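Contents: one structure, followed by commentary.
All of the numbers you see were taken from the coordinates with simple rules; none came from a lab. Quick caveat, the model's predicted, so the values are computed rather than measured. Quick reminder, even Gly has a Cβ in these numbers, built from the backbone with ideal geometry, and neighbours come from all protein chains shown.
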Amino acid sequence: MASLKLQILASLLLCFNGLSSASPVQADIDAIAAAAAAPVRADSAPSLKETKWNPPANLVQALNAVWANQMKKYSPRPDPLKFPNYGYKQVVANKGKINFCVRWDSKTTATPEIRATIDKVLKVQVKKWMDILVGFDGWPYTNVPVTVTGWAARSQNLLPGYNASEGFTFYNTKDRDGIPQCSEQCGRFFHQNGVYSQCPGGADKHYDMSLWLTDGMKGGAGGDWGQRIGSEMFLSQMKTTKDLHIFLHEMGHTFGLDDYYDWKPPGQTNFIMMAGSAMFITEFDAWMMRDWWRHLRPTMGM
Ligand SMILES: [Zn+2]
């Protein structure tokens with residue numbers, strides 16, 4: 001029952017991001033909106049130098065609406081802040097680090113070059129979110145190192161040349177649906193008390209999140225368990241694209257941010273959590289994240 005309860009809680013943070021199936025008409029609408037709004041990139045927004053809650057005046061009304069909506073929608077009620085597995089809580093539990101399992105839900109081969117690129121890309125993309133919190137309202141880390149501690153695949157043959165000196169553990173374990181998944185004994189989702197005593201490689205080799213790459217999947221999904229994305233899309237974008245926007249959107253869910261398929265915060269038309277409307281993390285996304293941290297921090301005794 002405990003695990004069923006976790007699944008239900010986790011499903012609150014699950015979304016399907018159907019970018020690839022958008023109709024041409026929808027794409028036109030998005031293009032027009034983008035031209036009108038010109039969102040500010042988070043990594044060049046002067047307002048993010050603020051170290052306390054002081055968002056730009058033109059974002060305040062929308063941020064208030066977003067927060068009220070999330071608190072109304074999320075569980076557990078009446079206090080969604082008690083959910084134990086927001087990304088912030090995972091990072092703090094792991095002392096300022098994030099460990100990943102790569103779920104290779106693919107029949108293709110992950111060469112050493114592909115493995116190395118995924119490792120590098122994860123570090124770069126995760127940093128885009130984590131940098132938003134640096135120096136803000138007691139966030140205790142200036143850098144959040146990302147380590148891939150495990151890979152799961154149908155066969156080790158799909159990882160040619162693998163050996164343990166690569167720094168991660170190979171797993172051929174599967175979830176209840178038969179999909180490759182690193183050992184549950186090592187997974188934060190399954191051990192939210194942070195005890196990994198049965199993890200074969202020890203607690204240092206546990207994983208907080210999974211990057212789940214699935215052949216043929218359009219769009220993505222995200223939650224406290226990690227991020228799921230089409231493998232073809234991830235692999236094709238990872239070598240050339242500065243902002244892996246679907247991954248970034250799904251990671252936003254891991255950190256509590258919501259979807260905007262059925263309403264728009266007042267005045268906000270382009271931001272990464274409104275799927276398809278921005279290709280990078282915007283200033284507005286960043287202040288939505290900061291809103292989470294400033295509310296969660298006191299509940300975490302920090
Ligand atoms: Zn979403």
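Just a few scattered comments:
- Beta-bridge orientation, the range 186-302: approximately 40 percent antiparallel, per DSSP, counting only bridges with both partners inside.
- Net length gained if the chain between Ser75 and Lys264 were fully extended (0.36 nm per residue, minus Cα distance): 65.9 nm
- Sequence-distant residues sharing a close amide H with Trp212 (under 5 Å, placed H): Arg103, Gln227, Arg228, Ile229
- Kirkwood hydrodynamic radius of the chain, from inverse mean 1/r over distinct Cα pairs, in Å: 19.8
- At R0 = 22 Å, FRET efficiency that the Cβ-Cβ distance of Ala203 and Ala164 yields, to 0.05: 0.80
- The DSSP beta bridges internal to the range 84-216 are antiparallel in roughly 5% of cases.
- Computed over the alpha-carbon atoms, the range 26-156 gives an Rg to Rh ratio of 1.03, Rh here being the Kirkwood radius from the mean inverse distance.
- Antiparallel DSSP beta bridges within the range 2-299, percent to nearest 5: 25
- Cleavage-rule hits, trypsin sites (Lys or Arg not before Pro), the range 220-268, DSSP coil, Cβ neighbours within 10 Å at most 14: Lys239, Lys242
- Length gained on full extension, Asn54 to Lys97, computed as 0.36 nm times the residue gap minus the Cα-Cα distance: 12.8 nm.
- Shown is the FRET efficiency for Lys218 and Thr111, computed with R0 = 22 Å from the Cβ-Cβ distance and rounded to the nearest 0.05: 0.35.
- The phi torsions of the range 296-301, fed into the Karplus equation with coefficients 6.51, -1.76 and 1.60 and a -60° offset, translate into couplings of 6, 3, x, 6, 9, x Hz, rounded to whole numbers, with Gly and Pro shown as x.
- Asn270 long-range amide H proximity, modeled H, under 5 Å: none
- Table column - 3J(HN,Hα) (Hz), the range 162-179, Karplus curve with 6.51, -1.76, 1.60, x for Gly and Pro: 5, 8, 4, 5, 5, x, 10, 9, 8, 10, 10, 6, 9, 7, 5, 8, x, 9
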